[in-house]
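The values are calculated or read from the model by the stated rules, or taken from the named source; none is laboratory data. Values in this document were obtained by computation on a predicted structure and should not be read as measured data. Here the Cβ positions follow ideal geometry from the backbone for every residue, glycine too, while neighbour counts run over all protein chains shown. The protein model used for the area step is the full one, side chains on, heavy atoms only, and it has no ligands, DNA or RNA in it. Shrake-Rupley method; radii C 1.70, N 1.55, O 1.52, S 1.80 Å.
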Amino acid sequence: MDRVKDSLVIGIAPTKHAAAWTGAVAAQQAGHYLAAAAAYLACPPDPLRGRSPALFNAAWCLELAQQPTSAEPLYRQLMAQPAEPFLRIETLFRLGWIAIEAHDMQAGREHLSALLDLADRSACAGATVEHARYWHAVCLEHDGQLVEAAARYAPIVEEGNADLWHEAAYRRLLCLSQVGDLRGAAGAAAALLERSVPVRDTIRLQALRTLARDEAAQIARAVAAA
């Protein structure tokens, strides 16, 4: 569920440095990610935005080249210097994702928490923020904060993001079931089974609904036996 596309490029203003930048973008779009990363880092600083765009694009190319441990220091360099809120949000998401992929859920939660705080302060919204909210809840769930995680999944389900609502609904169901909130868990199961909000991955939706039916049946048995 890493939402960033391979074609992502953080741009710069048109300047005399555009030729070097164009070469780096061309290498990235051709799939020559290591060469593109080096080319971005070799570009002169943008007069308006400094080194931030080059650092981000170079780091992203290193991720695409399956070198996240090399990408991470570049993202951290970006965070240590001035940058627009939207670029800092994208960078914090990448840092959070790298941590989650490395199974360091605490670090992932810290990066995503910082992202959500920044998004709130700067009134930024969009797909990155939406996905950050979901993965922040996943990190809380992993840390055993099941009630808090369930509470954070709830608005994601309600908003109906085509990539996220069904995943959030199922994870909320599991959280509530584990803490013994059978009534809440039954409602979470119903939200997943009965909603008609579109999703992009219908096969995944059907798989989650099958699991939710099994959970709902267990909950019904538990309620009947109580």
- What accessible area per residue, rounded to a whole number of Å², is obtained for the stretch 92-170 using a probe radius of 1.4 Å? 41 Å²
- Item | Loop sites in the stretch 14-113: trypsin sites (Lys or Arg not before Pro), DSSP, at most 16 other Cβ within 10 Å | K16
- For the stretch 51-129 and the stretch 155-180, what is the separation of their Cα centres, given in Å? 25 Å
- Query: Expressed in nm to one decimal, what extension gain is obtained for the pair R204 and V147 from 0.36 nm per residue of sequence separation less their Cα-Cα distance?
  - Reply: 18.0 nm
- Task: Classify the stretch 139-197 as rounded, prolate or oblate, taking a ≥ b ≥ c as the square roots of the eigenvalues of its Cα gyration tensor: rounded when a/c is under 1.5, otherwise prolate if a/b is larger than b/c and oblate if not.
- Result: oblate
- Query: Under the definition of Cα pairs under 8 Å and six or more residues apart, what whole-number percent is the relative contact order of the stretch 176-226?
  - Reply: 43 percent
- Select one label from (1) 47, 40, 28; (2) 74, 31, 29; (3) 86, 50, 33: the one whose number is Cα extents along the principal axes in Å as derived from the coordinates shown. (2)
- Distance from a point 7 Å along Cα→Cβ of D214 to each backbone N in the stretch 129-170: keep the residues under 16 Å and list them by number. 170
- Item | Estimated FRET transfer efficiency (T69, A224; beta-carbon r; R0 45 Å; 0.05) | 0.30
- Helix axis angle, 18-29 relative to the chain longest principal axis, alpha carbon, degrees: 40 degrees
- Item | Residue-span extension gain [A162 to E84] - 0.36 nm each, minus C-alpha spacing | 25.3 nm
- Considering the options A58, A99, L48, tell which one lies farthest towards the positive end of the dipole of the chain, charges being +1 on Lys and Arg and -1 on Asp and Glu at the Cβ, about the Cα centre. L48
- Item | the chain: relative contact order in percent, alpha carbon pairs under 8 Å with at least 6 residues between | 10 percent
- Message: Angle check, please: helix 146-159 long axis (alpha carbons) against the longest principal axis of the chain (alpha carbons), in degrees 0 to 90, nearest 10.
- Response: 80 degrees
- Note on the structure: CD proxy, 222 nm, the chain: helix-only mean residue ellipticity via -39,500 (n - 2.57) per DSSP H run with n ≥ 4, per residue, nearest 500, stands at -23500 deg cm²/dmol
- Note on the structure: Placing each pseudo-label 7 Å from Cα in the direction of the beta carbon, D104 and A26 end up separated by a distance in nanometres of 3.7 nm
- Note on the structure: For the chain, the accessible surface attributable to carbon and sulfur atoms (probe 1.4 angstrom, ligands and nucleic acids excluded) amounts in percent to 54 percent
- Message: Compute the helix-to-body angle for 182-194: its Cα long axis versus the longest principal axis of the chain, expressed 0 to 90° and rounded to tens.
- Response: 60 degrees
